[in-house]
Amino acid sequence: MEMALYDPEAGYYARRANQVGRAGDFFTSVTAGPLFGRLLATHIAQWWDQSGRPDAWRIVELGGHDGTLAGDILTEIRASHPAAFQGLKYVIREPLDRLAAAQTARLAEFAEYLVITADPASLPPQLGYLIANEVLDALPFHLVESFEDGWHEIGVNLSHNHLFEWHDLGPAPAISQTLPARTPRYRTEIRPDFASFLQPLVQAIQPGRMLWIDYGFERDDYYAESRTTGTLRTFKNHHAGEDPLEAPGTRDITAHVDFTAVMEAIDSLGGRTTRFENQARFLTEAARPWLLSLEGQTDPATMKLLRNFQTLTHPGQMGSRFHMLEVEFL
């Protein structure tokens, strides 16, 4: 999975910078319109104010794609929170050259405030706020299946005719120790070591907060007995599939997030969960002052933003599908 998505030459995310949106393979809250970034900017600026309005601070973004979310956040902070904007550095973690070039081009007007780096942990510690929209679901995972003797890991082999095929790697007690017993042929995914991924990021926002936005479940729901085929999916041209071995490198590969595992990793690193709720509740709270200010307004621009808000918060669309996990490191 790591090679199929992130290989610098042949990986899915290295091939081009427009995988997201109408012309890409899937939609996100960012591609629904600029309101998502504006509301996140308001939330982050409020946190900056509550943190004592420091002269120097940073926002760190993971999974910046073509820079759209960064642009929306920076535009809103510059317009509505100029004091916060003056001391801000916006750091995008981007190891892939093609995406880094796209971000640099899109965010040219913010060049003075922008840092693009492959390793934000190399930056000196500074108060900051890390944001990651649909990053955890794209982290490589182990695929496991329940057998009579317990959980086995499922790997990938080349067949005699040089096609990829699934292969039983045998018992996998080390990576499956947190999983409940399940009937044979139950297949699912597991990411057993979120802490190793998170730990290098902590000092980049020390002290600070992280906001993880993704689709997923708490552990009991993730490994429910009825979820026998797991959550592994591929996306290409806005069509979902279930075979990641078909033309790897040409399509997105994803699996839902076990948020319980993420919160346990945060706790092990000295962090504290401050909020875990669906996107509708989080954004509605962030938008309350803005919504109240719109009373009586029916101009086309306002109505367009309200439609954007409905898309982001409607329970049948993005409102219940995505969750916001906010954590704090002191």
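Collect the residues in the range 81-115 that are under 22 Å from Pro8 (Cα atoms), loosely packed, with under 13 Cβ neighbours inside 10 Å and among the acidic types (Asp, Glu), keeping them in residue-number order. Correct list: Asp97 only. Elements of the type strands (runs of 3 or more DSSP E) sitting completely within the range 228-330 and holding at least 2 residues that are polar (S, T, N, Q) and surrounded by fewer than 20 Cβ atoms within 10 Å (Cβ to Cβ): these cover 272-278. Taking the range 1-30 as the range and being at pLDDT 90 or above and more than 30 Å from Gly155 (Cβ to Cβ) as the test, the residues that pass are Ser29, Val30. The residues on offer are Glu277, Glu295, and the sole one that is over 19 Å from the mean Cα position of the chain (by Cα) and assigned by TED's automatic domain parsing to the domain that holds Ser29 is Glu295.
Taking the range 41-119 as the region of interest, the strands (runs of 3 or more DSSP E) fully inside it that hold 2 or more residues being over 20 Å from the mean Cα position of the chain (by Cα) are 88-93. In this structure, is Gln103 in the same structural domain as Ala70 (by TED's automatic domain parsing) and closer than 11 Å to Ala70 by Cβ? Yes. The residues listed here are Glu61, Glu76; of these, the one that is surrounded by 23 or more Cβ atoms within 10 Å (Cβ to Cβ) and modelled with pLDDT of 95 or more is Glu61. If you check Leu198, Leu169, which single one turns out to be of a type in the set (A, V, I, L, M) and within 23 Å of Glu328 (Cβ to Cβ)? After ruling out the rest, the residue left standing is Leu198. The set of residues in the range 170-213 that are touching a helix residue (DSSP H, G or I) at 6+ places or on another chain (Cβ under 8 Å), among the small types (Gly, Ala, Ser) and surrounded by 21 or more Cβ atoms within 10 Å (Cβ to Cβ) contains only Ala204.
The values are calculated or read from the model by the stated rules, or taken from the named source; none is laboratory data. As the structure is a prediction and not an experimental result, all values here were calculated from the model. Cβ: placed from backbone, ideal geometry, glycine included. Neighbour counts: every protein chain shown.
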